[in-house]
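Trainee: Below you will find the structure I want to go over with you.
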Amino acid sequence: MVSAVTVPLTREAPSPVGIRAQIRGVSHHYPTPGGGLLHVLDDVTFTVEPGECVALLGPSGCGKSTLLRLLAGLEQPGRGKIGADGVRIVGPDPSRLLVFQDPTLYPWRTVRQNVGLGLEARGIADRARRVDEVLHLVGLDGFADAYPNQLSGGMAQRAALARVLVNDPRLLLLDEPLGKLDALTRMTMQAELLRLWQNAGFTTLLVTHDVEEALLLAQRVLVFTPRPARIAASFEVGLDYPRHRDDRHFVELRRRILEVVGHSDIL
Amino acid sequence: MNDIAHHAPDLPAIAATADWPAAREAPPFWTTGAVAATVWLAGSAINYHWPDLSPWARTPLLAMAQGALGVLLLGAAIFGGRTRQVRYFHPAGRWLVALGALLTVWVVLTAKTALLPLPFFPPPQSILEVYTDDYARLLESLWYSAWLLVPGFVAGALAGFGAGVAIGWSRTVHYWGHPILRIVGPLPATAWLPVAFFFFPSANSASIFLIALSTGFPVAVLTASGISGVNSAYYDIARTLGANERFLIARIAIPAALPSVFVGLFMGLGASFAVLIVAEMMGVKAGLGFYLQWAQGWAAYANLYGVLILMALLFSGLISLLFLVRDRVLAWQKELVRW
Ligand SMILES: Nc1ncnc2c1ncn2[C@@H]1O[C@H](COP(=O)(O)OP(=O)(O)OP(=O)(O)O)[C@@H](O)[C@H]1O
Ligand SMILES: [Mg+2]
């Protein structure tokens, strides 16, 4: 979908690291307590190219997190197909990793043990160095042996990000990873995420409520309708990185996105 | 402008004259300790010089012990106010005063005036006599009780934990196991006593089984509920990171359920004490429960109180030990129920 032109010059050609994520006519329902069905996703179709970064915007409760759970393989779609590189996703896999809306660290494990969990689960013995590297990457060097209840909200969120990054994912699913951070930490983390993505070359799907964040990070922005979520609009960003909030195109895009968003209710 | 310029240099001076350093230091003299020392020394003197109505063999020994504690407290109050070892006992200060006074009141009401009559109110010296003269039998009883309690508790805890994990994890095991726990669990293990004594080859094995049963039920129930209550996001995250079922059980489910497991162990330990004593009174002709029953049969009230105190110390010691283990294992938790 994305032409080579929109891939920024600061990166090499689409890296083989990234997965092509395909969502084909996906609808999803949840049972309601009353015995009915809650229609969450409605015939959603889009493709994320290898190494691309796509942001998902949409009203609260429309089904963004659900879509990420489907891509992570934690659930099967009610209808439609979800694929990775042309292979149907039938279960979770360490190559497709989700950073949850909540950091959800394991409180009985130190930060180091939390971050090393994926390597431990897959029986990789030599993990200390890799874990330290990633902790350094997210700026948690001094906190390897801290327990989660000793971390601030932002640090917990960074630890959750590190727990995923240490596994070298090929598809990174981010569910409002910066939602709980203060404005300043948020800006630093946005720059960090950008740097990580540019260096590692994984495919990224970023759910956010923040139009500016979407425009700072993503090459494409999809806006969803209220539940059941359908794609209301798609915007190619086509700006070089690093982007600037006061850039004329940036401001114009933000205005156009907010217009669509405004029509589809509050974010 | 002038005002500020005038006041600013004053600020450090004010801070320096304030009484901060003195407030941080421990008081050189431990007042409560001195009061406690006085109470114990006075109690010792009263006990020693006021003759018993009918002489008790261990009155001098008790008076000496009271005096020794008094001297120790006095030394601590005067010389040790700043040492860490003494400060460790500071919180107990008022208790030390109260206990010294209570012991003296008890001595006066029993041995000295008999306002509280024998045999129901034995004087402290007679209880001391139980320890000095009957220690061999008490130790033997303690030993016998330990041989029922320890294997029973350990077996019950392990079996209950295993059953709880299985019931909490597997739907099939839950389907069959949960109703059994629901219906049979509330039955006190002591109610099984007659049946168990009939089916088991010896009273000992029956008692161990019942202690295991009384421990196992609460452990199983709380382990199962702990495991089924684990935040499902914990599993989701681990599964995406590549965890298999064994990893999920051993590294996610069980650690997450441990706080609940320890509550079960605590309840099980309490229940096992009850079963131990009843079983020893009913069938096993040895152990602390049997000693208790024997003392009651012979109206040996001093022995009765003596063994009750011993049991209280033993049981509270065991519970403290369990809490110590828990605090170690659950060091990651901030908020813990204090014992
Ligand atoms: N496991 C579930 N069972 C039942 N209903 C669910 C479940 N998960 C989500 N839902 C429902 O599906 C709808 C979409 O949820 P989802 O978490 O995908 O929304 P979202 O777009 O991520 O919202 P937000 O921006 O507030 O995070 C919600 O109405 C929610 O109540
Ligand atoms: Mg969500």
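The values are calculated or read from the model by the stated rules, or taken from the named source; none is laboratory data. For clarity, every value in this text was computed on a predicted model and none was experimentally measured. Don't worry about glycine lacking a Cβ; one is built from the backbone with ideal geometry, like all the others, and counts go over all protein chains shown. Side chains included, ligands, DNA and RNA excluded: accessible areas come from the protein's heavy atoms. Shrake-Rupley method; radii C 1.70, N 1.55, O 1.52, S 1.80 Å.
Trainee: If you go through the range B:192-208 one residue at a time, do you hit one that is touching a residue at least 40 places away in the same chain (Cβ under 8 Å) and within 14 Å of chain A (Cβ to nearest Cβ)?
Mentor: No, the conditions are met nowhere in the range B:192-208.
Trainee: Could you please tell me which pairs satisfy a Cβ distance under 6 Å, a separation of 6+ or placement on different chains, a first residue in the range B:228-252 that is at the interface with another protein chain (Cβ under 7 Å from one of its Cβ atoms), and a second residue that is open to solvent by 50 Å² or more (accessible area, probe 1.4 Å)?
Mentor: Listed pairs, sorted by first residue: B:242/A:122.
Trainee: Could you list all residues from the range A:75-90 that are within 16 Å of ligand 1 (Cβ to nearest atom) and open to solvent by 20 Å² or more (accessible area, probe 1.4 Å)?
Mentor: Passing the criteria: A:75, A:76, A:77, A:78, A:79, A:80.
Trainee: Limited to the range A:73-111, what total is found for residues that are of a type in the set (Lys, Arg) and away from chain B (no Cβ under 11 Å)?
Mentor: Selection size over the range A:73-111: 3.
Trainee: Any residue in the range B:48-62 that is assigned to a helix (DSSP H, G or I) and of a type in the set (D, E, K, R)?
Mentor: Within the range B:48-62 (the criterion being assigned to a helix (DSSP H, G or I) and of a type in the set (D, E, K, R)), the answer is no, since none of the residues qualifies.
Trainee: Also: From the list A:67, A:57, A:117, which residue is of a type in the set (A, V, I, L, M, F, W, C) and either open to solvent by 10 Å² or more (accessible area, probe 1.4 Å) or facing chain B (nearest Cβ under 9 Å) (or both)?
Mentor: None of the other options fit; the residue is A:117.
Trainee: Scanning for something within 14 Å of another protein chain (Cβ to nearest Cβ) and within 28 Å of residue A:46 (Cα to Cα), does the range A:175-191 turn up at least one residue?
Mentor: Checked against the condition, which is being within 14 Å of another protein chain (Cβ to nearest Cβ) and within 28 Å of residue A:46 (Cα to Cα), the range A:175-191 yields at least one hit.
A quick yes/no check of all residues on (1) touching a residue at least 40 places away in the same chain (Cβ under 8 Å); (2) open to solvent by less than 60 Å² (accessible area, probe 1.4 Å):
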{"residue": "A:140", "(1), (2)": "no, yes"}
{"residue": "A:145", "(1), (2)": "no, no"}
{"residue": "A:156", "(1), (2)": "yes, yes"}
{"residue": "A:162", "(1), (2)": "yes, yes"}
{"residue": "A:177", "(1), (2)": "yes, yes"}
{"residue": "A:182", "(1), (2)": "no, no"}
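Trainee: Let me ask something else about it. Determine whether the range B:125-143 contains at least one residue that is over 29 Å from the mean Cα position of the chain (by Cα) and open to solvent by 50 Å² or more (accessible area, probe 1.4 Å).
Mentor: No, every residue in the range B:125-143 fails to be over 29 Å from the mean Cα position of the chain (by Cα) and open to solvent by 50 Å² or more (accessible area, probe 1.4 Å).
Trainee: Got a sec? Which helices (runs of 4 or more DSSP H) wholly within the range B:191-301 have at least 3 residues that are open to solvent by less than 50 Å² (accessible area, probe 1.4 Å)?
Mentor: B:203-228, B:232-240, B:254-282, B:288-297
Trainee: So which pairs qualify, if the first residue must be in the range A:63-85 and among the acidic types (Asp, Glu), the second must be open to solvent by 20 Å² or more (accessible area, probe 1.4 Å) and near ligand 1 (Cβ under 8 Å from one of its atoms), the Cβ gap must be under 9 Å, and the two must be at least 6 apart or on different chains?
Mentor: Filtered contacts from the range A:63-85: A:75/A:69.
Trainee: Exactly one of these conditions fails for residue B:38: (1) in a helix (DSSP H, G or I); (2) in contact (Cβ under 8 Å) with a residue 24 or more places away in the chain; (3) crowded, with 18+ Cβ neighbours inside 10 Å. Give me its number.
Mentor: (3)
Trainee: Of all residues in the range A:51-71, which are more than 10 Å from ligand 1 (Cβ to nearest atom) and touching a Gly at 6+ places or on another chain (Cβ under 9 Å)?
Mentor: The answer is A:51, A:52.
Here is a yes/no grid of residues against (1) away from ligand 2 (no atom under 16 Å from the Cβ); (2) touching a helix residue (DSSP H, G or I) at 6+ places or on another chain (Cβ under 8 Å):
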site: A:19; (1), (2): yes, no
site: A:24; (1), (2): yes, no
site: A:53; (1), (2): yes, yes
site: A:65; (1), (2): no, no
site: A:75; (1), (2): no, yes
site: A:92; (1), (2): yes, yes
site: A:99; (1), (2): no, yes
